[in-house]
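Peer 1: Here it is, the structure, as structure tokens.
The values are calculated or read from the model by the stated rules, or taken from the named source; none is laboratory data. Everything numeric here is computed off the predicted structure, so don't read it as measured data. Every residue, glycine among them, receives a Cβ derived from its backbone with ideal geometry; neighbour counts consider all protein chains shown. Protein only, heavy atoms only, side chains kept; ligands, DNA and RNA dropped before computing areas. Shrake-Rupley method; radii C 1.70, N 1.55, O 1.52, S 1.80 Å.
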Amino acid sequence: MEKELPDVTIKIILLGEANVGKSSIMNQMVHKNFDLMYTTTIGVDFFIKNLIYDNLHYKLQIWDTAGQEKFANLINNYYRTASCAIVVFDITNYNSFKKVDKCIEAFNCHTDSERPIILVGNKIDLHRIREVSLEEARDKADKYNSVYLECSAKRDNNIQNIFTCKL
Ligand code: GTP
Ligand code: MG
């Protein structure tokens, strides 16, 4: 008889400026799909992804939040639910990198205990027009004791690693 794998549930919240590619990362991870057309998220979307990794059965519960400022109050209600955060910026847009501090501080101020944060620079397929250097991004991750990863939701480059990286 096959031995049943134990379940581990991880609650993840995706944060970051509008248009950085949060939904695209989620869509690539959950549905193996990418859409070049931009459909902004309204409020918060919820997805589940099951995966087997290192002989464990993981159930990822993912909250994909809207980056538009007008939804900030609504998103406040979701910070507490998450056990970790993936904070995304667009490597070709320096303004989106500037928003990272605000996202992390908002996430951190909702609990006393330190929860893992992964900082993600998306759109590396557009590295020729990058505005945020690797060094600056790594420094930012160090500041928050977090891991820094770069990816392309478009090319499905490094997406799975974001969700399975050791923290
Ligand atoms: P909000 O829901 O408004 O907060 O935005 P979002 O962060 O969810 O961004 P979304 O995933 O909707 O992507 C925004 C735009 O960037 C879309 O046109 C995507 O096709 C595009 N995009 C996302 N990821 C990539 C990528 O890796 N490379 C390139 N070239 N474009 C991308
Ligand atoms: Mg979105």
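Peer 1: Taking segment 32-48 only, how many residues are open to solvent by 60 Å² or more (accessible area, probe 1.4 Å), more than 8 Å from ligand 1 (Cβ to nearest atom), farther than 19 Å from residue 76 by Cβ and not polar (S, T, N, Q)?
Peer 2: Looking only at that region, the number is 2.
Peer 1: Still on this model: Considering segment 92-145 alone, what residues qualify as being surrounded by 15 or more Cβ atoms within 10 Å (Cβ to Cβ) and of a type in the set (Ser, Thr, Tyr)?
Peer 2: Within segment 92-145, 92, 96, 144 meet the criteria.
Peer 1: Out of curiosity, is residue 86 touching a Leu at 6+ places or on another chain (Cβ under 7 Å), open to solvent by less than 70 Å² (accessible area, probe 1.4 Å), among the hydrophobic types (A, V, I, L, M, F, W, C) and more than 12 Å from ligand 2 (Cβ to nearest atom)?
Peer 2: Answer is yes for this residue.
Peer 1: Being under 23 Å from residue 161 (Cβ atoms), within 9 Å of ligand 2 (Cβ to nearest atom), open to solvent by less than 30 Å² (accessible area, probe 1.4 Å) and out of contact with any Phe, Trp or Tyr (no Cβ under 8 Å at 6 or more places or on another chain), is that true of even one residue in segment 53-66?
Peer 2: no
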